[in-house]
Amino acid sequence: MIIKGKVWKYGDNINTDIIYPGKYTYMRYSPEEMAEHALEGLDPKFASNVRKGDVIAAGKNFGCGSSREQAVQCLKYAGVEAVIGKSFARIFFRNAVNNGLLVIESQEAAENLLNGEEISIDTEQGVIKTNNKVFKFTSLPEFFAEIIKCGGIIPYTQKRLKTGNEL
């Protein structure tokens with residue numbers, strides 16, 4: 001899979017309340033409405049300017065805080081295709097996989113990618129490219145990669161059951 005988009009760069013310890021504010025957690029919003037609130041407390045221009053294929057580059061501990069899936073979902077609905085971070089909170093990492101959002105742990109890329117820079121990610125080769133830089137990363141385990149490729153754990157499970165490959 002190849003992903004191409006613009007980098008949105010943020011720092012360390014971006015928690016789920018910053019990604020998707022808690023005041024919206026129990027509201028029944030459509031995907032489009034959820035996307036409108038993505039990162040609104042950190043970057044008010046994010047939701048209106050992010051485009052499908054864009055990527056977040058983050059520091060350490062991205063997605064810390066509560067275990068709310070809406071933090072992943074609002075990013076995905078906004079068009080974010082991947083998050084590249086120095087490290088991720090464990091529950092955010094798993095929620096991302098379960099919701100079909102690619103997460104890449106790469107300290108080198110997270111540190112050196114520039115805000116607004118155009119990049120491409122080759123998930124099979126484990127390579128992130130900019131105009132003048134190349135970063136290698138360890139690809140996700142095949143099982144996680146397949147879940148993401150299917151769009152999340154529910155479509156993955158439906159596909160497996162439909163093809164007779166019971167879990």
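Structure summary
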| item | result |
| --- | --- |
| Cβ-Cβ under 8 Å pairs, at least 6 apart or on other chains, the stretch 112-139 side more than 13 Å from I84 (Cα to Cα) and without any contact (Cβ under 8 Å) to a residue 60 or more places away in the chain, far side of a type in the set (V, I, T) and surrounded by 14 or more Cβ atoms within 10 Å (Cβ to Cβ) | T130/I119; V134/V127; V134/I128 |
| Residues located in the stretch 73-105, provided they are assigned to a loop (DSSP other than H, G, I, E, B) and closer than 24 Å to M27 by Cα | G79, V80, N99, G100, L101 |
| Filter result (buried (at least 16 other Cβ atoms within 10 Å of the Cβ), assigned to a loop (DSSP other than H, G, I, E, B) and of a type in the set (V, I, T)) within the stretch 8-33 | I14 |
| Residue in the stretch 72-84 that is touching a Lys or Arg at 6+ places or on another chain (Cβ under 6 Å) and surrounded by fewer than 18 Cβ atoms within 10 Å (Cβ to Cβ) present | yes |
| Candidates N112, N99, filtered to the one that is over 10 Å from the mean Cα position of the chain (by Cα) and farther than 14 Å from T16 by Cα | N112 |
| The stretch 147-161, subset surrounded by fewer than 15 Cβ atoms within 10 Å (Cβ to Cβ) and of a type in the set (A, V, I, L, M), residue nearest to V103 (Cα to Cα) | I154 |
| Check on D54, crowded, with 22+ Cβ neighbours inside 10 Å and of a type in the set (D, E) | yes |
| Candidate set from the stretch 34-64 (those that are in a loop (DSSP other than H, G, I, E, B) and among the hydrophobic types (A, V, I, L, M, F, W, C)); member that is farthest from the chain's Cα centre (by Cα) | L42 |
| Qualifying positions in the stretch 133-150 - part of a loop (DSSP other than H, G, I, E, B) and either modelled with pLDDT under 95 or of a type in the set (F, W, Y) (or both) | F137, T138, S139, L140, P141 |
| Criterion: touching a Gly at 6+ places or on another chain (Cβ under 8 Å), of a type in the set (F, W, Y) and either more than 18 Å from I154 (Cβ to Cβ) or modelled with pLDDT under 95 (or both) - qualifying residue of F62, F46 | F62 |
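The values are calculated or read from the model by the stated rules, or taken from the named source; none is laboratory data. Remember, predicted model here, so these are calculated numbers, not experimental data. Positions of Cβ are generated from backbone atoms using ideal geometry, with glycine treated the same way; all protein chains shown enter the neighbour counts.
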